1. Consider region 72-88. How many of its residues are touching a residue at least 24 places away in the same chain (Cβ under 8 Å) and buried (at least 16 other Cβ atoms within 10 Å of the Cβ)?
2. Under the condition of being of a type in the set (Ser, Thr, Tyr) and in a helix (DSSP H, G or I), which residue from region 23-62 is modelled with the highest pLDDT?
3. Within region 149-190, work out how many residues are more than 18 Å from Thr54 (Cα to Cα), among the β-branched types (Val, Ile, Thr) and surrounded by 10 or more Cβ atoms within 10 Å (Cβ to Cβ).
4. Could you list, in sequence order, the residues of region 49-65 that are more than 10 Å from the chain's Cα centre (by Cα) and crowded, with 19+ Cβ neighbours inside 10 Å?
5. One residue is enough: does region 100-112 have a residue meeting the conditions in a helix (DSSP H, G or I), within 16 Å of the chain's Cα centre (by Cα) and among the charged types (D, E, K, R)?
6. Output the qualifying pairs, or none if there are none: Cβ atoms under 8 angstrom, residues six or more apart or on different chains, first residue in region 170-190 and in the same structural domain as Leu158 (by TED's automatic domain parsing), second residue among the β-branched types (Val, Ile, Thr) and surrounded by 14 or more Cβ atoms within 10 Å (Cβ to Cβ).
7. Look at region 167-190 and say how many of its residues are more than 16 Å from Ser155 (Cα to Cα) and either touching a His at 6+ places or on another chain (Cβ under 7 Å) or part of a helix (DSSP H, G or I) (or both).
8. How many of the residues in region 47-75 are farther than 18 Å from Ala37 by Cβ, of a type outside the set (Val, Ile, Thr) and in contact with a Gly (Cβ under 7 Å, 6 or more places away or on another chain)?
Amino acid sequence: MILWQLFVSYLKIGFFGFGGGYAMLSLIQHEVVVRHAWMTAGEFADIVAISQITPGPIAINSATYVGYTVGMQTGHVALGILGSAIATFAVCLPSFTLMVLVARFFMRLHNNRLVEGAMRGMRPTVIGMIAAAALLLIFPHGSDPDEQNFIDPWSWALFGGVFVGQWLKVNPILLIVLSAVAGILIYHVF
């Protein structure tokens with residue numbers, strides 16, 4: 001039953017998640033944390049962080065991790081692996097299906113005023129969904145009212161340091177490594 005709910009949830013996310021992975025985060029968070037309570041907002045934030053540092057699209061990576069976590073709630077590793085496969089397949093299926101259909105008709109419709117207008121109309125929506133995902137990670141509103149988010153003064157200091165480093169054009173890989181080292185020192189050594 002839970003694997004079917006996982007499939008339906010990620011199929012819905014795949015169909016309605018316009019704008020890429022970051023725009024999908026608010027939909028994923030709503031399904032996973034709010035609607036089904038498969039994990040807490042803090043656990044979801046951890047999954048988003050892991051999904052960002054692993055290769056591949058964030059929506060697919062997070063689907064794999066969430067599917068594994070949900071499947072493992074039954075206590076069997078095989079169901080965790082099956083949950084990963086189901087969630088990943090479900091989130092990819094709508095995009096694959098739509099791309100096959102769109103590819104057939106795109107050359108005929110790409111100069112159509114209605115299609116062009118629809119695409120332009122979706123741009124502000126995508127920006128809003130990305131902003132909503134950022135706000136959900138900063139200010140979670142899960143089922144536990146006492147739950148704290150992952151933002152603390154150290155997080156803001158790390159953010160500020162990376163922001164300045166990016167502005168000074170420091171290599172992004174170096175920034176990631178330095179952030180990881182700083183996180184280990186701040187949260188596990190001190």
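1. Here the count works out to 6.
2. Applying the filter and picking the extreme gives Ser62.
3. Here is the first cut: in region 149-190, the residues more than 18 Å from Thr54 (Cα to Cα) are 149-170, 182, 184-190.
Filter once more, keeping what is among the β-branched types (Val, Ile, Thr): 151, 162, 164, 170, 184, 186, 189.
Narrowing the set further to residues that are surrounded by 10 or more Cβ atoms within 10 Å (Cβ to Cβ) leaves 151, 162, 164, 170, 184, 186.
Number satisfying all stated conditions: 6.
4. Across region 49-65, the qualifying residues are Thr64, Tyr65.
5. Looking for residues that are in a helix (DSSP H, G or I), within 16 Å of the chain's Cα centre (by Cα) and among the charged types (D, E, K, R), one finds none in region 100-112, hence no.
6. Cβ pairs passing all conditions: Leu175/Val162; Ser179/Val162.
7. So the count comes out to 4.
8. Residues meeting the conditions: 2.
The values are calculated or read from the model by the stated rules, or taken from the named source; none is laboratory data. Remember, predicted model here, so these are calculated numbers, not experimental data. All Cβ positions, glycine included, derive from the backbone under ideal geometry; neighbour counts span all protein chains shown.
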